Amino acid sequence: MTAYAKIRHMLMCGVAVSALLGTVPPAGAQARIIEITADRDSRYKIAGQRIPEITVKAGERIMLRVTANRGKSWNRDGSIHGFTLLRAKDRTKVDGWDLLLKPGKQEFLLTVPNEPGLYEVICTVICSQDHEGMHMKFTVLT
Ligand SMILES: [Cu+2]
């Protein structure tokens, strides 16, 4: 390789690497992190909130970081709680927001629905006799 070709090769590699870094940020780099516990007493908990609720912006990217602790019962697939987003107006599920939780910490990179309004998070795993009370308000702002 001539010196000129070598330099040209190095430059092109540099350009390719920076283009890659520019278009593919690490997963969750720009997403706001929301930490939740799905607890053994069949309740969602968020540090600093007496009654947990989530407020986000339409179309926002969020990283849901969930710590799940096993209640009295769980699914055969090992899921111990669920985290499913419903539209409050008609109780329909939001695509991509039907999550099953395993014991311990897990992260989900999600996009908030584009439609502002009231939503509800519900648990879909029969996790104890108190399972029916496992839900949380979720508000999407414009
Ligand atoms: Cu449950």
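Computed quantities for the displayed model
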item	result
Whole-Hz ³J(HN,Hα) from phi, Karplus 6.51 cos²θ - 1.76 cosθ + 1.60, for region 103-119, glycine and proline x	x, x, 8, 8, 10, 10, 8, 10, 10, 5, x, 6, 8, x, x, 9, 10
Residue 126 long-range amide H proximity, modeled H, under 5 Å	none
Charge sum, other residues only, whose C-beta stays under 11 Å from residue 30's C-beta, Lys/Arg counted +1 and Asp/Glu -1	+1
Cα-based equivalent ellipsoid, region 31-141: semi-axes from gyration tensor eigenvalues, Å	22, 15, 13
In Hz, Karplus ³J(HN,Hα) per residue of region 69-86 (6.51, -1.76, 1.60; θ = phi - 60°; x = Gly, Pro)	10, 5, x, 7, 8, 7, 7, 5, 7, x, 6, 10, 8, x, 8, 10, 9, 10
Computed label-point distance, nm, for sites residue 89 and residue 115 using a 7 Å Cα→Cβ extension	0.6
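Values quoted throughout were computed directly from the atomic coordinates according to the rules given, and no laboratory measurement underlies them. Predicted, not measured: the structure shown is a model, and the values here were computed from it. Glycine gets a Cβ as well: all are built from the backbone with ideal geometry, and neighbour counts include every protein chain shown.
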